[in-house]
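Have a look at the structure below, then the notes.
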Amino acid sequence: MTTSSSPHLPSYISAENVGPWHIYLHQVDQVAPLLDKSLWPWVETLRRPKRALIVDVPIRLDNGETAHFEGYRVHHNTSRGPGKGGIRYHQDVTLSEVMALAGWMTIKNAVVNVPFGGAKGGIRVDPRQLSLSELERLTRRYTSEIGTMIGPDKDIPAPDMNTNAQVMAWMMDTYSMGEGRTVTGVVTGKPLALGGSLGRQDATGRGVFVTAREAAKKLGLPIAGARVAVQGFGNVGEASARMFVEAGAKIVAIQDVSATLYNPAGLDIKALKAYHAAERTLVGAPGAESIAPQDFWTVPCEFLVPAALESQINQYNAAGVQARIIVEGANGPTTPEAEAILAERDILVVPDVLANAGGVTVSYFEWVQDFSSFFWSEEEINQRLERIMAEAFGAIWQLADDRKLSLRTAAFVIGCSRVLEARLVRGLYP
Ligand code: GLU
């Protein structure tokens, strides 16, 4: 038993494998004393996942052998509505990482005020090692194994790192086969042909760009002519880079798993996207100089957009960051140690739970459209997205300014308060 005040780790997480969960806990602990006193008895609710499932995912490989993968689905909190959050395929996925990502979903969904709790899932697999049909079998078996956790009014997965609309289509189909009817609302980020939403593909990148623009306005920093460095060239990194370029900025550096590219005159994002689609790597891409991975962090720029994995900006590289504004496209890219260094150096951090919330916001639009079977125009979606992101940014900025908080702490005050107010009025069952 743990009382509401004693710090602890769940028994299945040890100090050695605590991973980003410890960063999430640190963020909650920092914000707890700032919350309304009436909410304090419920803070413990944020410090542990509601439920966590580990599944074995055996699949037949193309060569006839059977391989086993470990999969997870975590419901961090469902006080405000069904669980919501993506599915990640990555060789380094762990339960504690999925717990942290689920915790950040709880806060994020509350920050943009969509009526969802927080959830996340993943499989510990390097998807680059699988053929397309192996990937399909993996996805279908995983969906079947987590079948008791998900449902359109229970928990709604979506894409995350290395998963996409096709993976969502397989998930939706597998779940629907079990139900004996087509259930489009069980996942979001689906192909348009299956009840997907216009604008979903670019939504996270668009949200990153909108919050960057709002932050820049506050600092009096023009986007036109600004230099931007982007880590990650997936769904989030590519789309946000494209939008920065459309607004007159230049992308001076891009780093992904394959390469670190630099061009102080500006990289051609369209050409890089085409090259990446054809070659599956950025190595050898035209119009760029290849630099050492660690040099990415010291590239002279106004905006730095980490849009890859957790803990990328840390105690080792934070002192070298040249940017004026960091916009967290990834979940958890900045460690608390780095955050302290950045604050001292007056570098503004637009936190993940705000900056990358555009994806789940349009996921919410998709879910609503699926339920009502009435689909909106892309213009309508983008406008609503922009409004939600700009309003959330405005409220967080205001609170940060009033109470002299970082944007992350202010976002957590707003997010945690919404979750715990719901928890408080729901009361304790039984
Ligand atoms: N995986 C995305 C995120 O981390 C989107 C989640 C969703 O749309 O449910 O926010």
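Condition (residue is surrounded by 20 or more Cβ atoms within 10 Å (Cβ to Cβ), hydrophobic (A, V, I, L, M, F, W, C), closer than 27 Å to Tyr364 by Cα and touching an Asp or Glu at 6+ places or on another chain (Cβ under 7 Å)) applied to the stretch 68-88: is it met by at least one residue?
Checked the stretch 68-88: at least one residue is surrounded by 20 or more Cβ atoms within 10 Å (Cβ to Cβ), hydrophobic (A, V, I, L, M, F, W, C), closer than 27 Å to Tyr364 by Cα and touching an Asp or Glu at 6+ places or on another chain (Cβ under 7 Å).
Suppose we filter Val245, Val230 for residues that are surrounded by 13 or more Cβ atoms within 10 Å (Cβ to Cβ) and either among the charged types (D, E, K, R) or more than 22 Å from the chain's Cα centre (by Cα) (or both); which single one remains?
Val245
Of the numbered conditions (1) closer than 30 Å to Thr298 by Cβ; (2) in a helix (DSSP H, G or I), Cys416 satisfies every one except a single condition; which is it?
(1)
Which ones in the stretch 185-209 are within 15 Å of the ligand (Cβ to nearest atom) and assigned to a helix (DSSP H, G or I)?
Gly185, Val186, Arg200, Gln201, Asp202, Ala203, Thr204, Gly205, Arg206, Gly207, Val208
What are the residues in the stretch 387-400 that are surrounded by fewer than 17 Cβ atoms within 10 Å (Cβ to Cβ) and either out of contact with any Lys or Arg (no Cβ under 9 Å at 6 or more places or on another chain) or more than 17 Å from Leu348 (Cβ to Cβ) (or both), if any?
Passing the criteria: Arg387, Glu391, Gly394, Ala395, Gln398.
Name, by its number, the condition in (1) outside any helix (DSSP H, G or I); (2) under 27 Å from Leu132 (Cβ atoms); (3) free of Cβ contacts under 8 Å to residues at least 60 places away in the same chain; (4) not β-branched (Val, Ile, Thr) that does not hold for Ala224.
Condition not satisfied by Ala224: (2).
For the stretch 22-41, state whether one or more residues are in contact (Cβ under 8 Å) with a residue 60 or more places away in the chain, within 16 Å of the ligand (Cβ to nearest atom) and surrounded by fewer than 23 Cβ atoms within 10 Å (Cβ to Cβ).
yes
Please go through the stretch 155-184 and give me each residue that is in contact (Cβ under 8 Å) with a residue 60 or more places away in the chain and outside any helix (DSSP H, G or I), ordered by number.
Asp155, Ile156, Pro157, Ala158, Pro159, Asp160, Met161, Asn162, Thr163, Asn164
So in the stretch 358-367, with the set limited to residues that are near the ligand (Cβ under 7 Å from one of its atoms) and small (Gly, Ala, Ser), which one is nearest to the chain's Cα centre (by Cα)?
The extreme case among them is Gly359.
Of everything in the stretch 113-129 that's closer than 22 Å to Ala392 by Cα and surrounded by fewer than 24 Cβ atoms within 10 Å (Cβ to Cβ), which residue is nearest to the ligand (Cβ to nearest atom)?
Among residues in the stretch 113-129 that are closer than 22 Å to Ala392 by Cα and surrounded by fewer than 24 Cβ atoms within 10 Å (Cβ to Cβ), the one nearest to the ligand (Cβ to nearest atom) is Val114.
Return the residues of the stretch 121-166 that are closer than 25 Å to Ala330 by Cα and of a type in the set (Asp, Glu); say none if nothing qualifies.
Result: Asp126, Asp155, Asp160.
On the basis of being more than 14 Å from the ligand (Cβ to nearest atom) and in contact with a Ser or Thr (Cβ under 9 Å, 6 or more places away or on another chain), does Ser133 make the cut?
So Ser133 fails the test.
Can you pull out every residue in the stretch 325-354 that is on the phi > 0 side of the Ramachandran plot and either within 16 Å of the ligand (Cβ to nearest atom) or under 15 Å from the mean Cα position of the chain (by Cα) (or both)?
Matches in the stretch 325-354: Gly332 only.
Considering only the stretch 145-182, state which residues are away from the ligand (no atom under 16 Å from the Cβ) and either in contact with a strand residue (DSSP E or B) (Cβ under 7 Å, 6 or more places away or on another chain) or farther than 18 Å from Arg51 by Cβ (or both).
Glu145, Trp170, Asp173, Thr174, Ser176, Met177, Gly178, Glu179, Gly180, Arg181, Thr182
From the list Glu16, Glu44, exactly one residue is assigned to a helix (DSSP H, G or I) and either free of Cβ contacts under 8 Å to residues at least 60 places away in the same chain or surrounded by 22 or more Cβ atoms within 10 Å (Cβ to Cβ) (or both). Which is it?
Result: Glu44 is the single residue among Glu16, Glu44 that is assigned to a helix (DSSP H, G or I) and either free of Cβ contacts under 8 Å to residues at least 60 places away in the same chain or surrounded by 22 or more Cβ atoms within 10 Å (Cβ to Cβ) (or both).
Readers should treat all values here as calculations from the given coordinates under stated rules, not as data from a laboratory. Predicted model only: the values in this text are computed from it and were never measured. Using ideal geometry, Cβ is built from the backbone for each residue, glycine included, and neighbour counts are taken over all protein chains shown.
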